[in-house]
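Worksheet: one structure, shown below.
The values are calculated or read from the model by the stated rules, or taken from the named source; none is laboratory data. Computed from a prediction, not measured in an experiment: that's the story for all the values here. Glycine also receives a Cβ, built like all others from the backbone with ideal geometry; neighbour counts cover every protein chain displayed. Surface accessibility is based on the protein's heavy atoms, side chains included, excluding ligands, DNA and RNA. Shrake-Rupley method; radii C 1.70, N 1.55, O 1.52, S 1.80 Å.
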Amino acid sequence: MSALLDRTTLGLAALVAVLYFILYRKTGFFPLGAVGKAAQLMGSILPRMVVGILLGVAVAELLPGEVIEGWLSDRSGWRGHAVGMLAGSLAPIGMPFVLYPLAGGLMAGGAGVGPVVTFLTASALFGPVRILTFELPILGGGFFLLRLACVFWMPPVAGYLAQGLARAVR
């Protein structure tokens, strides 16, 4: 099934149709305002998505397959999770248009589910922009260290769990 007509896309399209039907029933009018807002949002996000996808795929293409296979495959062991955690911790969380295409490009190039989940989880928990701009100045160093002590173990655990689940499902 093509990406345009896969189950996820069809399910989301059905949900949108139901929601717009509910809006129509509620107002008696086709919700053109909502369509306009959605188009405006898409117009602002689409260029970033395209550039992010191009960037993510280019980085994955530039890395030799044997490097991705050796350092980020499910067979790379703890090294793959360590690299995923370090890279995710350094990646600004405000860059989902780059992070997810990069993760997809790395997986297409041979990276494993486990290290990629570790990477994405670390980026969500330890994004430097959020920590330096908001968490430390607003909540303070004590809070940051407490939070860090509570969650530092989560990215590799999530990665290993995802790796095991993916192996069990295959």
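Taking each DSSP H run with n ≥ 4 as -39500 (n - 2.57) and averaging over every residue of the chain yields -25000 deg cm²/dmol at 222 nm.
Treating only the Cβ atoms of Lys and Arg (+1) and Asp and Glu (-1) as charged, compute the dipole magnitude of segment 34-90 about its Cα centre; round to the nearest 20 debye.
Here the size comes out at about 300 debye.
Probing with 1.4 Å while keeping every protein chain in the model, the per residue accessible area of the chain equals 65 Å². From the square roots a ≥ b ≥ c of the eigenvalues of the alpha-carbon gyration tensor of segment 1-64, which class results: rounded (a/c under 1.5), prolate (a/b over b/c), or oblate? Because a/c hits 1.5 or more and a/b fails to exceed b/c, segment 1-64 counts as oblate.
Pulled fully out, how much extra length does the chain show between Val50 and Val157, if you take 0.36 nm times their separation in residues and subtract their Cα-Cα distance?
Additional length available on full extension: 35.4 nm.
Assign one of three labels to segment 84-169, namely rounded, prolate or oblate, based on the Cα gyration tensor with a ≥ b ≥ c the square roots of its eigenvalues; rounded applies when a/c is under 1.5, prolate when it is not and a/b is larger than b/c, and oblate otherwise. Cα axes put segment 84-169 in the oblate bin. Annotation: extensible slack from Ala82 through Ala38 equals 11.9 nm (criterion: 0.36 nm per residue apart, minus Cα-Cα distance). Using a probe radius of 1.4 angstrom, the carbon and sulfur fraction of the accessible surface of segment 14-57 is 79%. Between Glu66 and Arg147, the modelled labels are 4.2 nm apart [label points 7 Å from Cα along Cα→Cβ]. Highest GNM mean-square fluctuation among Arg79, Arg147, Arg25, for the chain modelled with Cα contacts below 10 Å: Arg25.
The Stokes-Einstein estimate for the chain, based on a Kirkwood radius over Cα pairs and taken at 20 °C with 1.002 mPa s viscosity, is a diffusion coefficient of 116 µm²/s. Sparse packing (at most 14 other Cβ atoms within 10 Å of the Cβ) combined with a DSSP loop state is found for the following chymotrypsin sites (Phe, Trp or Tyr not before Pro) in segment 1-80: Phe29.
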